[in-house]
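Okay, structure first, notes after.
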Amino acid sequence: MKFVPEKVIDEVAEGLGSSDVELEATLKALQSHQPALLPFLLEEENASAFSESERGFMIYLLAVIWKSCLEVNGPQEPIHPDALSEAEEQNWELLEAVQAKRFRERLDVFFSGASQEDLLAFLEDCLTEDEEEEEGPVSKEGREPIFVLLKSVVDCLDRAPLAGSLS
């Protein structure tokens, strides 16, 4: 997959964040083209672990990631649920080996050699507490699991062949 630059991500995030109609249309297209992604994020174990606002924010972030990838690369082959689970397991293993305590420092392990650094930086920024904001859409406890789930999606999208290609 080609690199997805910050400029594209920001434009997509702004468009989806300002239009419920556009977000709804993007989620419909996402379900059609990548049917495993939403169920992966919302499986029973995850659904009960997050608040309603966290689930909503996670879905919005997923829409931004997928639409940004789509705009840069075009349609990709559907991702298999097993690939998502494997990526998630690998990401948890990486994170569990980290000794740092602060959120941003704990995520450094994911940026080393990352081919989609701007997508990861977007996620990190969205999940980091804003000093001026009293409480964002994600709890302190929800940040790491949401990052790992969405990082797993980015990993799988990054490896997914373009639709119709033989590679």
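Readers should treat all values here as calculations from the given coordinates under stated rules, not as data from a laboratory. What you see is a predicted model, and the numbers here were worked out from it, not measured in a lab. Cβ atoms come from the backbone with ideal geometry, glycine included; neighbour counts cover every protein chain shown.
Rounded to the nearest 0.05, what FRET efficiency do residue 111 and residue 49 give with R0 = 25 Å and r taken as the Cβ-Cβ distance? Could you check? Let's see the in-between values first.
Details: r = 25 Å, r/R0 = 0.99.
Efficiency computed from Cβ-Cβ geometry: 0.50.
Quick query: amide H of residue 162 versus all other amide H atoms, modeled in the peptide plane; which residues come in under 5 Å with a sequence gap of 5 or more or a different chain?
Distant-sequence amide H within range of residue 162: 77.
With θ taken as phi - 60° and the coefficients 6.51, -1.76 and 1.60, list the Karplus ³J(HN,Hα) couplings across region 147-163 in order, rounded to whole Hz; mark glycine and proline as x.
For region 147-163, the Karplus-derived couplings read 4, 4, 4, 6, 4, 5, 5, 4, 4, 5, 5, 4, 8, 6, x, 5, 4 Hz, x marking Gly and Pro.
Could you tell me which of the pairs 67/140; 7/151; 101/151 are separated by over 23 angstrom between their Cα atoms in the structure shown? Working shown, then result.
Details: 67/140 27 Å; 7/151 19 Å; 101/151 19 Å.
Pairs exceeding 23 Å: 67/140.
What three numbers, in Å, describe the spread of the alpha carbons of region 36-167 along their principal axes, ordered from the longest?
Largest to smallest, the principal-axis extents are 48, 31, 27 Å.
Net charge around residue 25, counting only other residues with Cβ within less than 15 Å of its Cβ (Lys, Arg = +1; Asp, Glu = -1)?
Taking every Cβ under 15 Å from that of residue 25, the sum is -2.
Given contacts defined as C-alpha pairs under 8 Å and at least six residues apart, what's the relative contact order of the chain, whole-number percent?
Over the chain, the number comes to 35 percent.
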